[in-house]
1. Suppose every Lys and Arg Cβ carries +1 and every Asp and Glu Cβ carries -1, with no other charges. What dipole size does the range 44-120 come out with about its Cα centre, to the nearest 20 debye?
2. Which aspartates and glutamates, if any, have their Cα less than 16 Å from the Cα of residue 106, not counting same-chain residues under 8 positions apart?
3. Go ahead and run the numbers for FRET between residue 93 and residue 117, Cβ-Cβ distance against an R0 of 22 Å, rounding to 0.05.
4. For the range 44-120, what is the relative contact order in percent, using Cα pairs closer than 8 Å and at least 6 residues apart in sequence?
5. For residue 55, go through the aspartates and glutamates and keep the ones whose alpha-carbon is under 15 Å away, minus same-chain ones fewer than eight residues off.
6. Place +1 on the Cβ of every Lys and Arg and -1 on the Cβ of every Asp and Glu in the range 44-126, take the dipole about the Cα centre, and give the residue among 89, 59, 44 whose Cα lies farthest towards its positive end.
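Values quoted throughout were computed directly from the atomic coordinates according to the rules given, and no laboratory measurement underlies them. In this text, all values refer to a predicted model and were calculated from it rather than measured experimentally. Here the Cβ positions follow ideal geometry from the backbone for every residue, glycine too, while neighbour counts run over all protein chains shown.
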Amino acid sequence: MKRNLLKITSLLVLAVAFISQNACKSSSSNTTTTVCDTSAAVLFSATVKPIMDAKCATSGCHDVSGAGGYSLNTYAGVKACVTSGRFMGSMNQTAGFKAMPQGGNKLDQCDINKIQKWVNAGALNN
């Protein structure tokens, strides 16, 4: 009886040790990586405007009220800001530029990359 109890106890200890050891390992299959795809053409209407509407052209910011002198709810307003040379510097929160959004976190880097691609392509109304 003592032998069986010793065997069972030993097996339980080994099982707990095995489970504990493997429970602390990270599995690469459980991690997700978000990929920013900037290979496709970036259009104002399909990419830039939705970002502006959600992050910049909001009430009290750069909506029709034109806070800071810029209304970013239309192509003309965004283009004027791009032409001023402040657009990307503010979005990237580069030293010497007024960081946007004010008091908030920097825009998602993927969104910034897409907008930069649009600006580099001529900031077209497409």
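1. Numbers: 8 positive and 4 negative charges, 37 e Å.
In debye, rounded to 20, the range 44-120 gives about 180.
2. Answer for residue 106, where 16 Å is the Cα cut-off: 53, listed by chain and number.
3. According to the calculation, E is roughly 0.75.
4. 23
5. Partners found: 63, 108, 111.
6. Of the candidates, 89 comes out farthest on the positive side.
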